[in-house]
Amino acid sequence: MEVIMVKIQIDGTFYEVNPDKNLLHTCLALGFDIPYFCFHPALGSVGACRMCAVKKFANADDKKGRIVMSCMEPVTDGLIISTSDPDIKVFRAAVIESLMTNHPHDCPICDEGGECHLQDMTVMSGHNYRRFVFKKRTYSNQYLGPFIHHEMNRCIQCYRCVRFYRDYAGGRDLAVSGSANHVYFGRQTEGALESEFSGNLIEVCPTGVFTDKTLKEHYTRKWDMTYAPSICIQCSAGCNITVGERYGSVRRILSRYNGAVNGYFLCDRGRFGYLSTNSPERIKGIMVRDPQENIQKEISRDGYLSVINSAIIGKKIAGIGSPVASLEANFALEAMVGRENFYHGIDGEKFDLERTAIQILKNSSVHSPSLKEIERSDAVLILGEDPAISAPMIALAVRQASRNRSIRMAAKSGIPSWNDAAVRELAQKIKSPVFIATPLTTSLDDLAELRYNSPTSDIARLGSVISSIIDKIEPLSAGSDKSLNDIAQRIAGVLMDAENPVIITGLQHNDKKVLQAAANITAALHHNGKKPSISIIFPECNSLGLALMEGGSLDNLFEVILQGDVETLIILENDLYKRADKKKVDSIFKKCKNVIVLDSLLNETSKQADILLPSGTFAESTGTIVSSEGRGQRYYRVLPVNGHIKDSWKHISEMIEITGISKDLHWEHFDDIVASFTDSYPFFSKIREIIPGSEFRFFNEKIARQTIRFSGRTAMNANDSVSEPKPPGDDDSPLSFSMEGYKGVPPSDLVSYYWSPGWNSVQATNKYMDEPYGSAKGGNPGVLLFDHKT
Amino acid sequence: MKYVFIIAGVLLIPLTIAAGLIWVERRLLALFQDRYGPNRVGPFGLIQVLADVVKIFFKEDWIPPFADKAVFVMAPGILIATILLTFAVIPFTDNFLVLDSNIGILFFLGNSSLGVYSIVLGGWASNSKYSLLGSIRASAQMLTYEVFMGLSLVGVVMMADSFSLREIVEAQQGGWFFIPQFVAFLVFFIAGIAETHRTPFDIPEAEGELVAGYHSEYSGMKFGMFFVGEYLGVTLISSLIVTLFFGGWLGPAFLPPAFWFFLKTGFFICLFILIRASLPRPRYDQLMELGWKVLLPIVLLNILITGAILIYNSSL
Amino acid sequence: MISILRSIWFTFLHAFHKRETQGYPEKKPYLPPRYRGRIILSRDPDGKERCVACNLCAAACPVDCIALQAANDYNERRYPLFFRINFSRCIFCGFCEEACPTYAIQLIPDFEMGEYDRQNMVYEKENLLISGEGKYHGYNFYKVAGVDMGVKGIGKGENEEPPVDLKDLIH
């Protein structure tokens, strides 16, 4: 769709801009600092806060002008505005002063302090001294569950929270009540917030009403954390996250902008699922089973050398990889044990399914959509998968897709898509078609034009009927079930009417037929000239990446072991008891003399280990994982190497070096193993080509993990020794572990934190993209492994 | 036996004075700068000297690995030796002197020329750019000022008709030479400051530019020897001024002659310190300019005039 | 030439001036009340720690010699779990005191902090916390803040209305 650009004049300079956006959006995209509260690029404008005032002039001769709210102002050809007129400054200062009349004297103990949009905007608008002498209105707070802390006094009534929670994320239990000066944002009664996206309130709220309760337990200011760009490992959606660390423990997770994947948001699992990295149950040292007492004991490095030599040299070894470990860790293990002795660590059924899914992705003539593309689709069919459970952010994308019809309707009535309240008012209950065929109910059911809750076999049958109808061939066994046939007819009709329908399916219910049916529907739509896409949700963060490697399933391994010549088993970050029957797993542990486990937490499998090596979590290692979309993305360590905890591939590399079982395999740095991996699997060569390696420098500098205002450098370790240690180095990435390094906008893969002068809050994110809610500067992070097909 | 005492005395007295000068200089500088100076160790801080000596003896006697070892060790020795040798010809009183040489002044000039070697060798052996620069400056400066120093003494020699220092003192019984030879006294005094490279002529060790000049690399007692050497030099020049221009041990009879000698010498030592406290350091080229363009003509004129007057007087 | 003699003369005259030296430690010098010396942490009028672990002192510190960690007590009241100042780095600029919103951190007229071991220059909270209010009396941050942290209830502050009754239709 070609956009005809228009010419506008801002502060005396002409710009060519897109007329589809509102004026505030346009000004922010051009780099103007205009204060705002209620506007959010993903939520649109409602014109509630009156902060974003600019002066609009009727024509070049008009010297007087009039004040308008830029967020509610369409961009038209020849528009002349001023963003710095003295009248506007007075106006904005008056507005912020009135917004601040009831704001409490809390900043020092407020968790938002230092990254507060309200603070930024107050400074930007020039309000310094309080003139309001009357009493402050107060509110009682509510308990909102273990994740969100509620402090209602700080509210400035911008309505962003309910607009996100209800309108954007479909939550029902947070709402606004009262009127005038008594407006209250909360639940009807106290209780945990039900939406799986409640954590975003922390970032959406411009002030400290909703703050992170998990952060509160080990509170650290924004500027004091060391950040690293990372990828969420909780599901296969591949959301981009930023991990904050201080004093050696992970403090919080924030969303990192990826215009193609998660945008500004994150689900609660991704945001709050980090606490296990700080668990006291973490494995910290190298543990070896004492044969006499039959318990695992920590041993010295010398002890480890002899133990590992006797366990590996001259032994028949098998390796079990993991769909939660990085490509590099899996590859290191595969290279060590040999391709024929490498097993994926998932049961045969899942293994088979994944192979099928890969065949679909590789051979299908349609492509796997990004979350952004799902948001833009005009019809969605969910077949045998509940994305709200397996990949919540995909469910959120579906929810946005359901609005597309109303946006189109509004456009016909002359209402621009950003005019959020008007679009919703016009749309009422009208939604784009979303069909949900799942065995159980889902949290997306309120969107469904049609729901079909039935066992997966029925769902597979429904799918095949739909594809036959689209392809106009007689369905095989539809005649017997009239209702199913009717449903299929209706879905097929809608999908055929749609421009770019999306079929979402997945491996959740272990049914190959569902997968194939979904593939058939997309293929049929494609044959009929549509532009469909198919999104297959994989169960774990790197399932797709691992499935693209060679190797057998866990069931294959069981057979090999029971035949009886495997003496040593190396298990990589994988709890086998969750993958297979307990008896079977017990039996192979009995059979193998040496069980080497690399893991970060004690679990049933790691308790069985003869040698237990502490591997790093996502916060302590660097690696590449592949999301369901087929997007290879890299996560970078935020904690420096500490004691024995290190990347799994480093442990494996060390094992190879100690035992000397292979002279050819030697990886000193992360780049070495990536090179070795992509040589071995040319399919992944794009990863090496596109994601910057450790030699990468931006303007001759590494990119800083710490903010420029990082405090306490000379005191934080002074209790151990008053002599300050050198900051740890990082040979594995282009990031530095100090505040030294490039401080502007680095390539999007390497953005550690968002900050821009005057923008201390998360709203600084907008400075890191081409335009608000557009793609990240220099392209969205990650590399698409499958060719983009239309 | 008497000679042994005299030699011992002549060796010990200047050394003691030089060591004491460490304290004297610090106290006097403080006096001119509205401070107290060292006043903690012992009465009036007198034991400070001892503390400093103990400290300097216990310091690590470090020879840099890049230095020329033998020469590095030798250099401070040469300095002390040449200065102490010169004291042999200084008449403390008419009978308290080691060597009543008839070439006393020439002996002093020769020895002070030898002193240059200590600094040149010290700077060169240190094998460091600052030291070398310092010693190059020092040698040029000392060679230059040696010329005027020698020439300034010609007037005195002509008046006393002798090179013997004892005879020069005795020749002043009628009147001290600083009155007829005032210009020569001034030139000798300035040259003396330059010769001992004291402030304001301490360009060879200018700490702002050269760290510490030729002795940058020295530490411990070797540095101490350079340090003491400087004070010995101050004492020597002061006693020579007294001997040549201020009538040596001569003075009213109610006090012993030795007392007069030391009193006068002490005065000039204090003057050295006062000058250090008041004057800034000139630029190197200014120093050379002063020498060749101002002092040399003056001193030559002085010789001519003195000579002319002497010939005129003798012809009367 | 004259000016040289003049300067020698004037320098000599200084020998008879009054000495500038202070007789420390026999005679203690006068330190004004706002002298920037030893850093202490003070307490509220009710005897609890004033520090609310807001990290502003640490952020203001130009040599980054303050490190602390926030924690919450049973009343959710914020306090520093540890508060460490590395005095071997401190330059006594007083920015921390300027930045402190609660008068907790104060610089007092005392400079006798020398140590033989540099490690002893690292002060923890127990070395910093005094039992009084220090230079500024009567201020209690939690009395004027909008939060309920066991000091006063919401709406009980000096400048606060009682909490809004959400079920009330008339206002």
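The values are calculated or read from the model by the stated rules, or taken from the named source; none is laboratory data. Keep in mind the model is a prediction, meaning the values are calculated, not measured. Here Cβ is always computed from backbone atoms with ideal geometry, including for glycine, and neighbour counts include all displayed protein chains. The accessibility values were calculated without ligands, DNA or RNA, using every heavy atom of the protein model including side chains. Shrake-Rupley method; radii C 1.70, N 1.55, O 1.52, S 1.80 Å.
Structural remarks
- Taking first residues from region B:6-26 that are buried (at least 20 other Cβ atoms within 10 Å of the Cβ) and partners that are among the hydrophobic types (A, V, I, L, M, F, W, C) and not in a helix (DSSP H, G or I), the Cβ contacts under 7 Å between residues at least 6 apart in sequence or on separate chains come to B:Val10/B:Val98; B:Trp23/B:Leu46.
- Subset of region A:702-728 [open to solvent by 30 Å² or more (accessible area, probe 1.4 Å) and over 27 Å from the mean Cα position of the chain (by Cα)]: A:Arg713, A:Met716, A:Asn717, A:Asn719, A:Asp720, A:Ser721, A:Ser723, A:Glu724, A:Pro725, A:Lys726, A:Pro727, A:Pro728
- Any hit, region A:141-149, residues being hydroxyl-bearing (Ser, Thr, Tyr), facing chain C (nearest Cβ under 9 Å) and open to solvent by 30 Å² or more (accessible area, probe 1.4 Å): no
- Considering only residues in region C:19-43 that are out of contact with any Asp or Glu (no Cβ under 7 Å at 6 or more places or on another chain) and within 14 Å of another protein chain (Cβ to nearest Cβ), the one that is surrounded by the fewest Cβ atoms within 10 Å (Cβ to Cβ) turns out to be C:Glu26.
- Enumeration of residues in region C:45-71 that are of a type in the set (D, E, K, R) and within 14 Å of chain A (Cβ to nearest Cβ): C:Lys48, C:Glu49, C:Arg50, C:Asp64
- Count - residues of region A:129-159 that are under 13 Å from A:Leu99 (Cβ atoms) and in contact with a Phe, Trp or Tyr (Cβ under 9 Å, 6 or more places away or on another chain): 5
- Residues in region C:87-122 that are within 13 Å of chain A (Cβ to nearest Cβ) and touching a residue at least 60 places away in the same chain (Cβ under 8 Å): C:Tyr103, C:Ala104, C:Ile105.
- Note on region C:13-94: enclosed strands (runs of 3 or more DSSP E) holding 2 or more residues that are of a type in the set (Val, Ile, Thr) are C:39-41.
- Filtered residue count, region A:493-519, keeping only those that are under 20 Å from A:Ile374 (Cβ atoms) and part of a helix (DSSP H, G or I): 9
- Any hit, region A:680-702, residues being closer than 21 Å to A:Asn642 by Cα and out of contact with any helix residue (DSSP H, G or I) (no Cβ under 6 Å at 6 or more places or on another chain): no
- Whenever a residue of region B:35-48 is within 14 Å of another protein chain (Cβ to nearest Cβ) and assigned to a helix (DSSP H, G or I), its partners that are open to solvent by less than 80 Å² (accessible area, probe 1.4 Å) and among the small types (Gly, Ala, Ser), lying with C-beta atoms within less than 8 angstrom and at least six residues away or across chains, give the pairs B:Gly45/B:Gly37.
- Residue that is surrounded by the most Cβ atoms within 10 Å (Cβ to Cβ) [pool: residues in region A:80-132 that are among the acidic types (Asp, Glu) and more than 14 Å from every other protein chain (Cβ to nearest Cβ)]: A:Asp120
- Criterion: within 28 Å of A:Ala397 (Cβ to Cβ), not assigned by TED's automatic domain parsing to the domain that holds A:Asp565 and not aromatic (Phe, Trp, Tyr) - qualifying residue of A:Leu371, A:Leu327: A:Leu371
- Only one entry in A:Ser587, A:Ser553, A:Ser606 is over 27 Å from the mean Cα position of the chain (by Cα) and farther than 26 Å from A:Ile283 by Cβ, namely A:Ser553.
- Evaluated against (1) of a type in the set (Gly, Ala, Ser); (2) in contact with a helix residue (DSSP H, G or I) (Cβ under 9 Å, 6 or more places away or on another chain); (3) surrounded by fewer than 23 Cβ atoms within 10 Å (Cβ to Cβ), A:Ala448 falls short on exactly one condition, (2).
- Residue that is nearest to A:Lys284 (Cα to Cα) [pool: residues in region A:629-643 that are surrounded by fewer than 24 Cβ atoms within 10 Å (Cβ to Cβ) and hydrophobic (A, V, I, L, M, F, W, C)]: A:Val641
- For region A:269-322, the tally of residues that are assigned to a helix (DSSP H, G or I) and either touching a strand residue (DSSP E or B) at 6+ places or on another chain (Cβ under 9 Å) or not assigned by TED's automatic domain parsing to the domain that holds A:Gly345 (or both) stands at 15.
- The residues on offer are A:Tyr257, A:Tyr304, and the sole one that is open to solvent by less than 20 Å² (accessible area, probe 1.4 Å) and modelled with pLDDT under 90 is A:Tyr304.
- Test result for A:Val75, of a type in the set (Val, Ile, Thr) and over 28 Å from A:Pro757 (Cα atoms): no
- Odd one out for C:His14 among (1) open to solvent by 70 Å² or more (accessible area, probe 1.4 Å); (2) out of contact with any strand residue (DSSP E or B) (no Cβ under 8 Å at 6 or more places or on another chain): (1)
- Qualifying residue in region A:750-762 (condition: under 17 Å from the mean Cα position of the chain (by Cα), among the β-branched types (Val, Ile, Thr), part of a loop (DSSP other than H, G, I, E, B) and modelled with pLDDT of 90 or more): yes
- Neighbours by Cβ (under 7 Å, 6+ apart or cross-chain): first from region A:713-724, more than 7 Å from every other protein chain (Cβ to nearest Cβ); second crowded, with 18+ Cβ neighbours inside 10 Å and part of a loop (DSSP other than H, G, I, E, B): A:Glu724/A:Thr714; A:Glu724/A:Asn717
- Test result for A:Gly345, modelled with pLDDT under 90 and either outside the structural domain of A:Ala580 (by TED's automatic domain parsing) or open to solvent by less than 30 Å² (accessible area, probe 1.4 Å) (or both): yes
- Residue within region A:539-561 that is of a type in the set (Ser, Thr, Tyr), farther than 26 Å from A:Ile313 by Cβ and in contact with a Pro (Cβ under 8 Å, 6 or more places away or on another chain) present: yes
- Boolean, B:Gly266 is open to solvent by less than 60 Å² (accessible area, probe 1.4 Å) and either in contact with a Leu (Cβ under 7 Å, 6 or more places away or on another chain) or free of Cβ contacts under 8 Å to residues at least 40 places away in the same chain (or both): yes
- Residue satisfying condition, being open to solvent by 30 Å² or more (accessible area, probe 1.4 Å), within 25 Å of A:Gln188 (Cα to Cα) and either among the charged types (D, E, K, R) or within 12 Å of chain A (Cβ to nearest Cβ) (or both), within set C:Lys135, C:Lys156: C:Lys156
- Of all residues making up region B:119-163, the number that are surrounded by 20 or more Cβ atoms within 10 Å (Cβ to Cβ), more than 16 Å from the chain's Cα centre (by Cα) and of a type in the set (S, T, N, Q): 3
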